[in-house]
Each structure stands twice: as C-alpha cells, then as structure tokens.
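The values are calculated or read from the model by the stated rules, or taken from the named source; none is laboratory data. Because the structure is a prediction, the values reported are computed rather than measured. When we count neighbours, we look across all protein chains shown, and the Cβ atoms used for this are built from the backbone with ideal geometry, even at glycine. Surface areas here come from the heavy atoms of the whole protein model, side chains and all, with no ligands, DNA or RNA. Shrake-Rupley method; radii C 1.70, N 1.55, O 1.52, S 1.80 Å.
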Amino acid sequence: MSIYEEALRDEAAPQRQVGYALIPMIARGLMLGPDQPIILHMLDIPSAADALNGVKMELVDAALPLLKGVIATADLVEACTGVNIAIMLGGFPRKEGMERKEVMSKNVAIYKDQASALEQCAAKNCKVLVVANPANTNALILKEFAPSIPAKNITCLTRLDHNRALGQIAERLNMHASEVKNVIIWGNHSSTQYPDVNHATVITQEGEKSVREIIADDKWLNGEFITIIRQRGAAIIRARKLSSALSAASAACDHMHDWLLGTPKEVKESIKKCCELINRSAVVLIDEVLAAPVDKDPTMPARGHGYQWVCALMGLMAFHLGLSTPFLLVVKRESGLLYKVLKSMISLFQKWRPQQMSSLKRSL
C-alpha cells in the first residue's frame, strides 16, 4: 500500500514535526496493522529536499520490516502517483494569537494544487485525511478540485479533539484514557466545537458508570472542561511556541486505523447521531455548513469499517454549534463559493438559539 504524506510551504516547520512523529507510527504498523507492507511517499518543498532525504536515510537505517519503499521528493506528481492513502499535513500554519479564519484564505491555493495532483495521479479509491487547519475548509477545497475521488473518502481530523477530551476526563478521575468511553465531539475543529460527555462512561471496579455521575461536577463539565478542549491547541502553542505535533500525529494514526480497520465495537467515537427533526428539536445543517455535502461530513469516524453519515444535531449540541454563526459568515466572505453558508441556515440559527436555549438546557 502506498501512503503519501506531505509538509509543504516554507512556513511548515510545525507540520514537519507532525510528519516526523507520524512516520515511525505508520512504518511500524500502528496505522494499518502489523501485516500491511507500506511504500511511503514523502513530499516537501525544494529548499527542504536535503532534510527530507535525511529522513529517508533514517528510515533505511531503522530497517523496518513493513517498509517496502520510500520516495522522498519535491515533485507533487511523483509524490501522488498511485497512492492509496494521502495524509495532508501541509498548509499555512496557525501561529500564536491567530484564529482559523485568518489562515483560511492562505490555504486555498495550496490545496487546489494538491487536489489537482491527487485527482490526476492517485488511486481512484484513495483515502484522504486532511490534518492542516482549518481542516474542514481544506477538505472542502480538496473535494472541489478532486471530483473523481469519492466524497466519502475525503476526511479531516477531529480525532485530536476526541483524544483530548478522553485525556482530560481520565486525568480528572486519575484513570487511564482507555477506561473512558463514548465521548462525542460535535462541530468543527475550532473554538466553537462542543465536547459532549452526556453519553460518556468510565469503567470502574463496580462496573461501567456515567462520566457525569462519577465526576459529579456539572459546573466543571459544562464550563471549564469545554473551554479546555476548545482552547487546548492555543495552550500548547503558548507552551511550546509551536502547534501540537506528537498528539496530532497520534490522532491521525488513530483516525486512519479505525477508518480502515474498524472502530472497536465498544467505542462510539465522534458519531453524529440521527434524530427526528421535530420531536427532538434538532437543527439540520445543510450542505457546506460543516464543510461537507448534506449526507457526508468529513470529520466523523463511525463504528465498523468505513464511515456512515448523518446530518442532524440534537438539543444543546445544536445550540453550541449555533455559536459558529459569526465564524461561518466570515468564512463565506473570505472563501466565496468554496465554502457556501446558506442564508436560510444562518437565519435559522439566529432565530432558534434564544428561543430554545432554556428548554434545551432543561432537556439535558
């Protein structure tokens, strides 16, 4: 199996760190299993060719049994030719104090070129994971310029937020993250996402119990916990002066592993649950409001092999996503037709939020 990994642009030092952390995970079988041989395609800009060749030398020196070949190149066509999996790390990086909207317009040209190369050269059933932020918008741009790749095969990374939520709950309870189940992330990888623990459980000596029951602190779960997850990336940038690398690489590995090999049966992951529109006070997010077609959202890993797609949100989760309205309006201005936000949906959010907020809080 051929895997394409790229870290384009002069400003891509953070993405290169993610790539450097991710490469050994892939090559040792953590992504695709212990029996899948791999040919790794690595792409960078010409000025980084020597460093990229140094990474290739290290891979050769590691004598990894699953690694059957390494292509290190600055040529986009060579990098994309025949690949079955494409992991898109490159893009204009988010820096301290920057919002996703500020880097959005800088990524259009980058992803247009890469999408065109994948369209022409990649395997027709190529699976794509967009990591570079804003990942949802970059995934949509890629979809627009690679129309022959099935839309369901173009995904973006929300697993990092999911893993962060598991980690925070585990740390709060002094437990291992593997003992926390069924946390859900609603919305985009952004400061308006909603980490939902209402269905989450933890494994205790007395059996499986609700996270809300075991933590017994709704104020923390409804406030500080959500803020921590939303702002974790910014906190890491403040601490490291660079964006997340190791945790992002691990999340990308988890995302592809569960997509291609199947999500563990007992884990729900970040699944969007379908519900009745009227009876459950749901808001339907139409077309590209979440940077996806109406029946396909690129951020949501589902149980089993592959992805299942739904487009309805319930209760307070929809209220939290309504907070994205100002951001979506900015997206519309900056990205034009590549990221359409329907006026009727914006109007619905603005009218729906104040009327429903109190009843939604009571329904939780």
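Please indicate, with yes or no, whether at least one residue in the stretch 166-181 is closer than 24 Å to Phe92 by Cβ, touching a residue at least 40 places away in the same chain (Cβ under 8 Å), open to solvent by 10 Å² or more (accessible area, probe 1.4 Å) and not aliphatic (A, V, I, L, M). No, the stretch 166-181 contains no residue that is closer than 24 Å to Phe92 by Cβ, touching a residue at least 40 places away in the same chain (Cβ under 8 Å), open to solvent by 10 Å² or more (accessible area, probe 1.4 Å) and not aliphatic (A, V, I, L, M). Answer yes or no: is there a residue in the stretch 45-65 that is outside any helix (DSSP H, G or I) and crowded, with 19+ Cβ neighbours inside 10 Å. No, there is no match, as no residue in the stretch 45-65 is outside any helix (DSSP H, G or I) and crowded, with 19+ Cβ neighbours inside 10 Å.
Kindly indicate whether any position in the stretch 132-147 is open to solvent by 10 Å² or more (accessible area, probe 1.4 Å) and of a type in the set (Gly, Ala, Ser).
To start, the set of residues in the stretch 132-147 that are open to solvent by 10 Å² or more (accessible area, probe 1.4 Å) comprises 133, 143-145, 147.
With of a type in the set (Gly, Ala, Ser) added as a condition, the list becomes none.
No - not one qualifying residue is present in the stretch 132-147.
Pick from the stretch 168-216 the residues that are modelled with pLDDT under 90, of a type in the set (Asp, Glu) and over 18 Å from the mean Cα position of the chain (by Cα): which of them is nearest to Cys156 (Cα to Cα)? Once the filter is applied, the top-ranked residue is Glu208.
Of all the numbered requirements in (1) over 27 Å from Leu32 (Cβ atoms); (2) open to solvent by less than 20 Å² (accessible area, probe 1.4 Å); (3) out of contact with any helix residue (DSSP H, G or I) (no Cβ under 6 Å at 6 or more places or on another chain), Ile236 misses one, and that requirement is (2). Take the stretch 26-44 and flag every residue that is out of contact with any helix residue (DSSP H, G or I) (no Cβ under 7 Å at 6 or more places or on another chain) and either at positive phi or open to solvent by 80 Å² or more (accessible area, probe 1.4 Å) (or both). Within the stretch 26-44, Arg28, Gly29, Pro34, Asp35 meet the criteria.
Within the stretch 197-216, if we keep just the residues that are within 17 Å of Ile228 (Cβ to Cβ) and outside any loop (DSSP other than H, G, I, E, B), the residue that is least open to solvent (accessible area, probe 1.4 Å) turns out to be Val211. Among the conditions (1) out of contact with any Ser or Thr (no Cβ under 8 Å at 6 or more places or on another chain); (2) farther than 27 Å from Glu119 by Cβ; (3) in contact (Cβ under 8 Å) with a residue 60 or more places away in the chain; (4) aliphatic (A, V, I, L, M), Ile184 misses just one, which is (1). The one condition from (1) in contact with a helix residue (DSSP H, G or I) (Cβ under 7 Å, 6 or more places away or on another chain); (2) farther than 24 Å from Trp259 by Cβ; (3) open to solvent by 50 Å² or more (accessible area, probe 1.4 Å); (4) part of a helix (DSSP H, G or I) that Arg230 does not meet is (1).
Of all residues in the stretch 168-183, those satisfying the criterion of being hydrophobic (A, V, I, L, M, F, W, C) and in a loop (DSSP other than H, G, I, E, B) are Met175, Val183. Asn153 passes every criterion in (1) polar (S, T, N, Q); (2) in contact (Cβ under 8 Å) with a residue 60 or more places away in the chain; (3) open to solvent by less than 10 Å² (accessible area, probe 1.4 Å) apart from (2).
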